[in-house]
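Single-structure report; data block below.
The values are calculated or read from the model by the stated rules, or taken from the named source; none is laboratory data. Since the structure is predicted, the reported quantities are computational estimates derived from the model, not experimental observations. When we count neighbours, we look across all protein chains shown, and the Cβ atoms used for this are built from the backbone with ideal geometry, even at glycine.
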């Protein structure tokens, strides 16, 4: 039997000890891998989805909720705002672009977003087939929507009330039709159903012509108390019940995504918006940093726990090998008599620690990616931000190296005892 085979035989002989050591390292590596996958992918996704958006204007409420709902599409909106806000922003010379969003409905859990084609341009959206909408009811779907639902060009479907798959009923009288499918972008665009704002208004009984007709000054109040704004069914849909006559309802939007033309806008525009009775301004960069910092506190605690597990695994390997080596001194002496060099026996003992560490690293990575896969399939919020277990991050290589190093260091001291074994005395004591 070779010395490497002897290492495996010794580990199998201590199956319970070996299993416990590998389990400790597996849990440590899995915890670290999960943290790396979540923090890296969320950070990258937040950065990509917010690129090109300097400011989000929406209804009063939580700024973070406004960002989550309008930029990342993982929360419910804070409310609706009048169309006049869009016109005001577009007249501002420091604003390069102002893109309206109208939210409130979904298709099989994918959000239907009333907007303009400039929204797709914001993420580099290009059509893989079909065309952009030209008529009310036309929609363009993201690549993930097409893949998950199987929707194809020309297919008609009904939008559901609310922003989740468990919405509150469908709009039977206003079907949508797929006229275009977007190429994958790796952004939030992949998970959205895009259409014109007029289509969303029409579904909810709002006529876009109402905004152009003479009317009294806006009363400054949201229409949340109207039937069409039932939070349980519409999640702040920018419309009211179709039973109300269209010309009596003011068209509204959910949020406006703003891009600056001049750095001066960053100084004056948020303060100007926040002074308005109905509006608030939220800066994606600020709110994302705040969100990641809050998340980072929990991640740091989990990293400390994982490091403690890794240290415990290393100490466990050290104790196991040191104890086993004392019991195997007669075996080592016999190997020396049979011609094995001290260096060869040292490598044999040292390899036991590396084998334990390697097993823990392999099982730990498999467990970590498995947990992420289960979490992404079980929690829609994680799936919506693009969390996947199929990616291997460069930081995971460092986790493997750290695990192997811990196993090697733990085995080093016991292995060095090989050079101090007195063959004659050990064999005499073994009789």
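Only one of the numbered conditions (1) outside any loop (DSSP other than H, G, I, E, B); (2) outside the structural domain of residue 376 (by TED's automatic domain parsing) is not met by residue 39, and that is (2). Each residue in the range 39-53 was checked for being in contact with a helix residue (DSSP H, G or I) (Cβ under 7 Å, 6 or more places away or on another chain) and surrounded by 18 or more Cβ atoms within 10 Å (Cβ to Cβ), and 5 of them qualify.
Residue selection: residue 138 satisfies the criterion of being over 25 Å from the mean Cα position of the chain (by Cα) and modelled with pLDDT of 90 or more.
Please indicate, with yes or no, whether at least one residue in the range 305-317 is in a helix (DSSP H, G or I), within 30 Å of residue 68 (Cα to Cα), modelled with pLDDT under 75 and in the same structural domain as residue 22 (by TED's automatic domain parsing).
Residues of the range 305-317 in a helix (DSSP H, G or I): 305-317.
So of that shortlist, the ones also within 30 Å of residue 68 (Cα to Cα) come out as 305-306.
Adding the requirement that they be modelled with pLDDT under 75 leaves none.
The answer is no; no qualifying residue exists.
So which residues in the range 52-86 are without any contact (Cβ under 8 Å) to a residue 24 or more places away in the chain and part of a loop (DSSP other than H, G, I, E, B), if there are any at all? Passing the criteria: 62, 75.
Let's see how each residue does on (1) farther than 14 Å from residue 145 by Cβ; (2) at pLDDT 80 or above; (3) over 23 Å from the mean Cα position of the chain (by Cα); (4) outside the structural domain of residue 132 (by TED's automatic domain parsing):
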{"position": "161", "(1), (2), (3), (4)": "yes, no, yes, no"}
{"position": "171", "(1), (2), (3), (4)": "yes, no, yes, no"}
{"position": "175", "(1), (2), (3), (4)": "yes, yes, yes, no"}
{"position": "185", "(1), (2), (3), (4)": "no, yes, no, no"}
{"position": "197", "(1), (2), (3), (4)": "yes, yes, yes, no"}
{"position": "202", "(1), (2), (3), (4)": "yes, yes, yes, no"}
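Applying the set (1) in a strand (DSSP E or B); (2) surrounded by 18 or more Cβ atoms within 10 Å (Cβ to Cβ) to residue 96 leaves exactly one unmet item: (2). In this structure, is residue 207 in contact with a strand residue (DSSP E or B) (Cβ under 8 Å, 6 or more places away or on another chain) and at pLDDT 60 or above? Against the criterion (in contact with a strand residue (DSSP E or B) (Cβ under 8 Å, 6 or more places away or on another chain) and at pLDDT 60 or above), residue 207 does not qualify.
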